Every structure is written in C-alpha cells, then in structure tokens.
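Colleague: Here it is: the structure, laid out below.
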Amino acid sequence: MKAYLNRRYRFSASHRLHSEQMSDAENQSTYGKCNNPHGHGHNYTLEVTVAGDVDSKTGMVLDIKDLKQLVEDEVLQSMDHRFLNKEVPVFSSTLPTTENIAVEIWKRLAQKLPNGKLHRIRLYETPDLYVDYFGEA
Ligand code: NI
C-alpha cells in the first residue's frame, strides 16, 4: 500500500540572477528584479514529498520527525536567511533560479534518504510560481 507523505517548510533567502552568457541588457530583461546588482529576497515555500509503503507497525511512510530534522540539517541551516550566491557554494557557479535551487535540495535530501523514498521537491518562489523536480529517471 503506497502513500505519498508531504511536508511544507518555509525559508527566506536572497539571490541575484545574472548570467555571464548574456549582456547586461539581456540579463535585465530576462531576470528583472532578480537581476538587481545587490540581490533581493524571496520567501520560499518548500514542499517535500516522500513515497513508500505504509509501514505495518507504525502506519507511516516515514517518521515525520526524521524528515524535519533532515530538512533542517541539509537545507534550512545553510539556506535560510542567506545570500545564496555567496553563502551556498554551488550557487557561486550555478544560477540560483527556482529550478536550480529545487535540484540542489533534491540532491541533498536524496543522498540521505533510503533509495527511492524521495518523490518530489516542489519549491515556490512566490505563491503563484513554483517548480517541481522528480530527480533524474
Ligand atoms: Ni528573485
């Protein structure tokens, strides 16, 4: 009996989107406010979905306390209230777009969870804009 367990987390972070492969004008028109030279902030909402059989003993897919601790250790401690470009090493060379942040969060959680347990990372940059990432097939 397979079920999907979802947990929502919130964090705030600032970033700057500026691609070296585009001119200043192209960057400005592509990224708008996110291209501001001094960065700007977002209130992100992260949804983590884990999938699996419902354990016959606990009645759960995964102990939600363990997931909370994992997200705290692997994501929130290093990203919450940080300037992502400078304080999260991967984003010194990869643009901290919603897409790339979702992929990075997937990588961090997937390597600490049992194989196949992580189902989806959904990351909201605004209430109306979000990215889903399901890992590589
Ligand atoms: Ni932005």
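Colleague: What are the pairs with Cβ atoms under 7 angstrom where one residue, in the stretch 24-44, is under 23 Å from ARG82 (Cα atoms) and the other, located anywhere, is modelled with pLDDT under 95 and more than 8 Å from the ligand (Cβ to nearest atom)? Sequence gap at least six, or different chains.
Modeller: From residues that are under 23 Å from ARG82 (Cα atoms), there are no pairs.
Colleague: For the stretch 19-35, does any single residue satisfy the condition of being under 23 Å from ARG120 (Cα atoms), open to solvent by less than 50 Å² (accessible area, probe 1.4 Å), of a type in the set (S, T, N, Q) and at pLDDT 95 or above? Don't jump to the end; show me each part of the working.
Modeller: Of the stretch 19-35, the ones under 23 Å from ARG120 (Cα atoms) are none.
No, that holds for no residue.
Colleague: Looking at the stretch 4-18, which of the residues that are surrounded by 14 or more Cβ atoms within 10 Å (Cβ to Cβ) and closer than 16 Å to ILE101 by Cβ is farthest from the ligand (Cβ to nearest atom)?
Modeller: So the residue we want is TYR9.
Colleague: Can you say whether ASN43 is exposed (fewer than 14 other Cβ atoms within 10 Å of the Cβ), modelled with pLDDT of 95 or more and within 16 Å of the ligand (Cβ to nearest atom), as far as the supplied structure shows?
Modeller: Values: exposed (fewer than 14 other Cβ atoms within 10 Å of the Cβ): yes; modelled with pLDDT of 95 or more: yes; within 16 Å of the ligand (Cβ to nearest atom): yes.
Yes, satisfied.
Colleague: Also, I was wondering about something else. Contact list please: Cβ distance under 6 Å, first residue in the stretch 47-63 and closer than 30 Å to GLU125 by Cα, second residue among the hydroxyl-bearing types (Ser, Thr, Tyr), pairs at least six apart or on different chains.
Modeller: Hits for this filter: THR49/TYR4; ALA51/TYR4.
Colleague: A further question follows. Among (1) surrounded by fewer than 17 Cβ atoms within 10 Å (Cβ to Cβ); (2) assigned to a helix (DSSP H, G or I), there is one condition ALA102 misses while meeting the rest; what is its number?
Modeller: The single condition ALA102 does not satisfy is (1).
Colleague: Separate question: Looking only at the stretch 115-126, how many residues end up being in contact (Cβ under 8 Å) with a residue 60 or more places away in the chain and over 12 Å from VAL48 (Cβ atoms)?
Modeller: In the first step, residues of the stretch 115-126 are kept if they are in contact (Cβ under 8 Å) with a residue 60 or more places away in the chain; the result is 116-126.
Imposing the further condition that a residue be over 12 Å from VAL48 (Cβ atoms) reduces the set to 116, 124-126.
Qualifying residue count for the region: 4.
Colleague: Across the stretch 64-90, what is the number of residues that are open to solvent by less than 90 Å² (accessible area, probe 1.4 Å) and without any contact (Cβ under 8 Å) to a residue 60 or more places away in the chain? It would help to see each step written out before you state the result.
Modeller: Within the stretch 64-90, the first condition is being open to solvent by less than 90 Å² (accessible area, probe 1.4 Å), and the residues that meet it are 64, 67, 70-76, 78-80, 82-85, 87-88, 90.
With the extra rule that they be without any contact (Cβ under 8 Å) to a residue 60 or more places away in the chain, the set shrinks to 64, 70, 72-74, 78, 87-88, 90.
Number of matching residues: 9.
Colleague: On the basis of being among the β-branched types (Val, Ile, Thr), in a loop (DSSP other than H, G, I, E, B) and crowded, with 18+ Cβ neighbours inside 10 Å, does VAL61 make the cut? Outline the logic, then answer.
Modeller: Values: among the β-branched types (Val, Ile, Thr): yes; in a loop (DSSP other than H, G, I, E, B): yes; crowded, with 18+ Cβ neighbours inside 10 Å: yes.
Judged against the criteria, VAL61 is a match.
The values are calculated or read from the model by the stated rules, or taken from the named source; none is laboratory data. Fair warning: this is a prediction, and the values are worked out from it, not measured in the lab. Counting neighbours? That spans all protein chains shown, and the Cβs are built from the backbone with ideal geometry, glycine included. All accessible areas refer to the heavy atoms of the entire protein, side chains included, with ligands and DNA or RNA removed. Shrake-Rupley method; radii C 1.70, N 1.55, O 1.52, S 1.80 Å.
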